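Read the structure below first, then the notes.
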Amino acid sequence: MMQQMETHRGGGDAEVRAEADAHGIEFRRLKDLREPLCRDMLAYWNEVRGVRAMPRPGEIDPVRFARHMPNLLMVQVNWDPFDLTYRLLGGDVVNAHGANFRGRRVLDSPSHTGSFSKVLFSFYKFVAGEQRPYAVAGTMEYTARGRVGVEAVYLPLSLDGSRTDRILGAAISTELSRR
């Protein structure tokens, strides 16, 4: 299931992939993104970054993707000591999670069942270290909504061009049929 992950610079992805797989999420190749939102955001990120590894946060123009704002999130990456904090949560993201946890540490988010906040922390840390976009798809279980289908793309941003300072995420969640 996880064999779809694209080749990347690091070799520490086995643990992240195993954690995600155990929770019903798999890495998706960027070229296999299905949701127009995810494809649009990836194209915009590539346009803004040009030949650099990552664009700067200040180069991202919210007016360009205003129609997607409800489905976006932004994670702040702190390096010393390493920590992750939610800085932006669109309305659909808040509704999917059942709470607005803007300003909270990723590890302190109560919106997922079980240990999924730890899985997200590991995943965001992985994306920050790899300094390249990643896409995921599968199912997630939220404490407020239950199980939903998800496709998302996560796009690193850098203030100085040498390390990830933010991760911009675009996510679509859909209701799963109840059996």
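Details
- Within the range 31-40, one or more residues are outside any helix (DSSP H, G or I), modelled with pLDDT of 90 or more and within 16 Å of ARG132 (Cβ to Cβ).
- Long-range neighbours under 9 Å by Cβ, at least six apart or interchain, first residue closer than 15 Å to TYR124 by Cα and among the charged types (D, E, K, R) within the range 80-95, second at pLDDT 90 or above and part of a loop (DSSP other than H, G, I, E, B): ARG87/ARG102; ARG87/GLY103
- Residue among LEU159, LEU107 that alone is over 15 Å from the mean Cα position of the chain (by Cα), surrounded by fewer than 21 Cβ atoms within 10 Å (Cβ to Cβ) and either modelled with pLDDT of 95 or more or not in a loop (DSSP other than H, G, I, E, B) (or both): LEU159
- Residue match in the range 48-66 (condition: in contact with an Asp or Glu (Cβ under 6 Å, 6 or more places away or on another chain) and more than 23 Å from ARG147 (Cα to Cα)): yes
- Filtered residues of the range 41-59 (kept if assigned to a loop (DSSP other than H, G, I, E, B) and surrounded by 19 or more Cβ atoms within 10 Å (Cβ to Cβ)): MET54, PRO55
The values are calculated or read from the model by the stated rules, or taken from the named source; none is laboratory data. Remember, predicted model here, so these are calculated numbers, not experimental data. Cβ coordinates were reconstructed from backbone atoms using ideal geometry, including for glycine residues, and neighbour counts include every protein chain displayed.
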